[in-house]
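Take a look at the structure set out below.
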Amino acid sequence: MKVAVLGSGDVAKTLAGGFLKHGHEVILGTRNPAKLADWAAKNAKVRVAHFAGAAKFGELIVLAVKGTAAADALRLAGPDNLAGKAVIDATNPIADFPPLNGVLRFYTTHDDSLMERLQREFTDSRFVKAFNTVGHALMVNPQFKEGKPTMFICGNDEAAKKTVKQILDQFSWETADMGKAESARAIEPLCMLWCLPGFQRNEWSHAFKLLRQ
Ligand SMILES: NC(=O)c1ccc[n+]([C@@H]2O[C@H](COP(=O)([O-])OP(=O)(O)OC[C@H]3O[C@@H](n4cnc5c(N)ncnc54)[C@H](OP(=O)(O)O)[C@@H]3O)[C@@H](O)[C@H]2O)c1
């Protein structure tokens, strides 16, 4: 697929590398392509463009920007360039305050989520929450002796979720579909739980697994 990864941070770079590894065509979107010149030189197969150019190119969009800037990044990408497309939403609504005893602060409530806000504004796009509950270093084909970890996903569009499941299969994740967009209210805070061992004990090498009887 032609994949547009919107973002220039650790998540965007890692996922871009993952899509490339699995044979996809990748373009990275940023406000400032020049700042990625060094990275682009070392990753010559990934093109770098402004948000809008990247979004126009992508058949599948990956949103990997700061949570507070997610809507702005999508506005810059252009609703028309995103219309009809599946958008993998890896963002978390982390507030600009330090964690409290290792607990991240969110700017959303239990009755709302960042992904719902984005889905409400960009009605023609098909958002699927994924990749927000694990650190970037473990996103692509992580190895655990207990087997594949679980990626919790949700979204309103079944076809978009099917596409994301295929990507997660390639990236060595088991997919657990948790339902419609509202389920992001539960999936986004899992990032708080995931980060606790990290902030408290500098342990960052775990992932969630859903066990079933
Ligand atoms: N780091 C992780 O391991 C991890 C794991 C799971 C989920 N996440 C989530 O994934 C997302 C990306 O995390 P990250 O650590 O890779 O990067 P980040 O530092 O959270 O975000 C960097 C990106 O945000 C964009 N950005 C910042 N302010 C902006 C604005 N005013 N308008 C438009 N874009 C703006 C930057 O755009 P420019 O390129 O234009 O500067 C850059 O692409 C976050 O929502 C984070 O919570 C992170």
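The values are calculated or read from the model by the stated rules, or taken from the named source; none is laboratory data. On a predicted model such as this, the values are computed, not experimentally measured, just so you know. We place every Cβ from the backbone using ideal geometry, glycine too, and count neighbours over all the protein chains shown. Surface areas here come from the heavy atoms of the whole protein model, side chains and all, with no ligands, DNA or RNA. Shrake-Rupley method; radii C 1.70, N 1.55, O 1.52, S 1.80 Å.
Given the condition open to solvent by less than 10 Å² (accessible area, probe 1.4 Å), on the phi > 0 side of the Ramachandran plot and within 15 Å of the ligand (Cβ to nearest atom), answer yes or no: does some residue in the range 49-67 qualify? Looking through the range 49-67, none of the residues is open to solvent by less than 10 Å² (accessible area, probe 1.4 Å), on the phi > 0 side of the Ramachandran plot and within 15 Å of the ligand (Cβ to nearest atom).
When restricted to residues that are surrounded by fewer than 22 Cβ atoms within 10 Å (Cβ to Cβ), near the ligand (Cβ under 10 Å from one of its atoms) and not polar (S, T, N, Q), the range 68-85 contains 6.
Looking only at the range 165-196, count how many residues are more than 18 Å from Pro93 (Cα to Cα), open to solvent by less than 70 Å² (accessible area, probe 1.4 Å) and hydrophobic (A, V, I, L, M, F, W, C). Total satisfying the criteria: 5. Of the residues making up the range 197-213, those that are small (Gly, Ala, Ser) and surrounded by fewer than 15 Cβ atoms within 10 Å (Cβ to Cβ) number 1.
Against the numbered list (1) within 12 Å of the ligand (Cβ to nearest atom); (2) more than 19 Å from Phe122 (Cβ to Cβ); (3) in contact with a helix residue (DSSP H, G or I) (Cβ under 7 Å, 6 or more places away or on another chain); (4) among the basic types (Lys, Arg), Lys35 comes up short only at (3).
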